[in-house]
Amino acid sequence: MSALLKLFRTTAFKLAVVYSIVFAVAASLVVMNVGRNVRGVLEDQIGETIDADIRGLADQYAQGGVQQVVQSIERRIRQPGGDVYLLTTFAGEPIVGNAAALPTATLSSEGLVTTTYQRPGEREARRRALVRVFVLPGNYRLLVGHDVEEVERLRKILRNALGNSLIWLVIIGAVGGLFVARRVLDRVDAMSESAAVIMRGDLSKRLPVGGSGDEIDRLAENLNAMIARIEALLRGMKEVSDNIAHDLRTPLTRLRNNADTALRQTGEPAALRETLEKVIGEADGLMRIFDALLTIARAESGSGPKMETLDISRIAEDVAELYEAAAEERGVAFAFAIEPGLLARGNRELIAQTLANLLDNGLKYGVPAAAGLAPELRLVVRRDGRRVRLSVEDRGPGVPAADRDRVLDRFVRLEASRTLPGSGLGLSLAAAIARLHGGALRLEDNAPGLRAVVDMPAATLPPPQVGRQGDKTRAGTG
Amino acid sequence: MSDMRLLVIEDDSEAAAYLVKAFREQGHLAEHAGDGLDGYARAAEGDYDVLIVDRMLPKLDGLSLISSLRAQKVETPVLILSALGQVDDRVKGLRAGGDDYLPKPYAFSELLARVEALGRRKGGAGAQETVYRVADLELDRLSHKLTRAGKEITLQPREFRLLEYLMKHAGQVVTRTMLLENVWDYHFDPQTNVIDVHISRLRSKIDKGQETPLLHTIRGAGYMIRDGAA
């Protein structure tokens, strides 16, 4: 019983029932329509035959009087078939014919009518015919008709056929519906089973994809992409907590050591002060790491800050101006080429921070390794098809191709740079912000040096300026 | 600039005690309210120069407290302290009626500089003046002219805004983040000493060859422009 209830509750069953009903209704409509049409056509044909017959007999009357009509009718009656004839006087006295016991109203009717009649040699007047009464000029009534029992039989056959086929249609509809629905829903069941396994914690599993590329496959593919993203986020979270444990321990230990030293320092106030300043410095460094981690987390969760249409060129010019003096102070030749008026949707603060991070890196790590090369830093912002491309290029040692993806991860610092101050979060933050803006951060070989490229979709509101004549690229050197 | 009356509205009693003590050491009169309702009542009645409001408070949260005060036409400057430091949080805080926003954790020197800047703002002197003067340095905000001892000095537009902000807060410590926020309108923390370099460029323009330097570096805090003699 409960198994039956379960069956009733399945979508497959419901779909099958609905399909059967729809099938049955549609089939009934078709058959009823065909029946009506067939009957109409047959009656029309009978009517035409009757009219032709009447015309023929009327002609014979005109030629040879009533005698010839009687002969003609007698001849026709002898032939087997469903034809019905009756010639009467005007008062209704039958002269010749094969129909009797007609209702009195029939003889005075006009046009094509259905009537009952009796054939000679038959007991009852239960035959039906389609007849027409024609008044001959000599006050005779001529009834010509055709038996419709055949038509009735045809209708009966059709009705039976409808009944039978209806049953078959319902059965086929139900079985077919059940089969189709089962096929689809088996896959859905398989998906929900896999989903249950995944929910229990095995995020490496994926939903089955049939390979036919239909809606269910697309659904499965999208859900798989979602699971992959969740898996990546979880892995990221785990990595972050591992890394936090590792990377915060070091500065926290230093902080604690410094505080400890300060506590045991009894002598000079100057030394004590210096140690305490170190403590505060370490604490500030920790705060920065927290801030960066928070910003990355926000950007990656996709629930980041408000986005608006921004003039990227203006922001780039602003940040370039902010860093120009610092570059000059370090003897770095800083140049920027910023195509004006480039728009993109984004958050001003975050885009500025990305550029600032990349420029920070350029200043910090962009010192040429080879002697004779002057330190150089370039900020280039230009349109690249339908994207805005921001790049920061230096002449430093660059990043080996094998490490380019890895350095974008949190807390990753290459051996060569470990001695320099830094948290290993700058590029991760830039990459997370680029992703939030629908773009990506790529590291390329600047031969020699590093080129960090961020690209994001260009916005077109308000409409782009027509004809960027002369490409008014503003350039400056610092 | 000392002797401001401050109200610290903060539910963490240890943090509040630390702030009150630190402000008193700086010569200010600081009081403490432990929850939103108490804070609101005292802020609405008392005559404070600056309110320091924690964003998350029991009984009445910080932002509602500020909105209520503003609705009551209490215009005491408010600095919001918050554990939420993202750009949107800041915008929300300022929209509620806050005058400045400082995410936790913060350095006390940063908080002090900002509170003093707000206290000065209440006086309203800085905002309306069209000419700022510090010793023989004169900055005309309308004609964008700068003179020192009568001699004109040419500044880049950004340098002008930097000096304008420093002179508006003459005699007060201005931190690097305050400069980045108010002159460049950025709230992130650059790893490179970009602000220091801009300051040193500005310094070379206004103090070079002068007997008394006006633009001073305050160790561990920031910068201050003031008459060397004062």
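The values are calculated or read from the model by the stated rules, or taken from the named source; none is laboratory data. Owing to the predicted nature of the structure, the values given are computational and were not obtained by experimental measurement. Cβ coordinates were reconstructed from backbone atoms using ideal geometry, including for glycine residues, and neighbour counts include every protein chain displayed.
Checking the stated criteria, A:GLY173 turns out not to satisfy the condition of being in contact with a Leu (Cβ under 6 Å, 6 or more places away or on another chain), surrounded by 16 or more Cβ atoms within 10 Å (Cβ to Cβ) and on the phi < 0 side of the Ramachandran plot. If you go through the range B:30-45 and keep only what is in contact with a Ser or Thr (Cβ under 9 Å, 6 or more places away or on another chain) and either over 23 Å from B:GLY93 (Cα atoms) or surrounded by fewer than 21 Cβ atoms within 10 Å (Cβ to Cβ) (or both), you end up with B:HIS32, B:GLY34, B:ALA44. Scanning the range A:321-338 for residues that are surrounded by fewer than 20 Cβ atoms within 10 Å (Cβ to Cβ) and more than 14 Å from every other protein chain (Cβ to nearest Cβ), which turns out nearest to A:VAL380 (Cα to Cα)? Once the filter is applied, the top-ranked residue is A:ALA337. Might you let me know whether the range B:166-178 holds any residue that is buried (at least 20 other Cβ atoms within 10 Å of the Cβ), of a type in the set (Ser, Thr, Tyr) and either in a loop (DSSP other than H, G, I, E, B) or in contact with a strand residue (DSSP E or B) (Cβ under 7 Å, 6 or more places away or on another chain) (or both)? Within the range B:166-178, one or more residues are buried (at least 20 other Cβ atoms within 10 Å of the Cβ), of a type in the set (Ser, Thr, Tyr) and either in a loop (DSSP other than H, G, I, E, B) or in contact with a strand residue (DSSP E or B) (Cβ under 7 Å, 6 or more places away or on another chain) (or both). A:ARG36 meets all of the listed conditions (1) in contact (Cβ under 8 Å) with a residue 60 or more places away in the chain; (2) more than 30 Å from A:ARG141 (Cα to Cα) but one, namely (1). Filtering the range B:46-59 to residues that are hydrophobic (A, V, I, L, M, F, W, C) and over 15 Å from B:GLY93 (Cα atoms) leaves only B:VAL50. B:HIS187 falls short on exactly one of the conditions (1) in a loop (DSSP other than H, G, I, E, B); (2) more than 14 Å from chain A (Cβ to nearest Cβ), and that condition is (2).
Take the residues of the range B:197-206 that are of a type outside the set (Lys, Arg) and either crowded, with 17+ Cβ neighbours inside 10 Å or at the interface with another protein chain (Cβ under 7 Å from one of its Cβ atoms) (or both): which is nearest to B:LYS145 (Cα to Cα)? Can you show your working first?
Here is the first cut: in the range B:197-206, the residues of a type outside the set (Lys, Arg) are B:197-200, B:202, B:204, B:206.
If we keep only those that are either crowded, with 17+ Cβ neighbours inside 10 Å or at the interface with another protein chain (Cβ under 7 Å from one of its Cβ atoms) (or both) as well, we get B:197-199, B:202, B:206.
Working: B:VAL197: 22, B:HIS198: 19, B:ILE199: 19, B:LEU202: 15, B:ILE206: 13 Å.
Result: B:ILE206.
Checked against the criterion of being in a helix (DSSP H, G or I) and surrounded by 18 or more Cβ atoms within 10 Å (Cβ to Cβ), the range A:88-102 has no qualifying residue.
Could you tell me whether the range A:24-40 includes any residue that is more than 33 Å from the chain's Cα centre (by Cα), in a helix (DSSP H, G or I) and among the charged types (D, E, K, R)? Within the range A:24-40 (the criterion being more than 33 Å from the chain's Cα centre (by Cα), in a helix (DSSP H, G or I) and among the charged types (D, E, K, R)), the answer is yes, since at least one residue qualifies.
Only one of the numbered conditions (1) under 19 Å from the mean Cα position of the chain (by Cα); (2) modelled with pLDDT under 85; (3) more than 14 Å from chain A (Cβ to nearest Cβ) is not met by B:GLY209, and that is (1).
Can you find a residue that is assigned to a helix (DSSP H, G or I), buried (at least 22 other Cβ atoms within 10 Å of the Cβ) and away from chain A (no Cβ under 14 Å) anywhere in the range B:7-29? Within the range B:7-29, one or more residues are assigned to a helix (DSSP H, G or I), buried (at least 22 other Cβ atoms within 10 Å of the Cβ) and away from chain A (no Cβ under 14 Å).
Rundown of residues vs (1) modelled with pLDDT under 90; (2) more than 10 Å from chain B (Cβ to nearest Cβ), yes/no style:
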site	(1), (2)
A:ARG348	yes, no
A:ALA352	no, no
A:ALA356	no, no
A:GLY362	yes, no
A:PRO375	yes, yes
A:ARG389	no, yes
A:ASP394	yes, yes
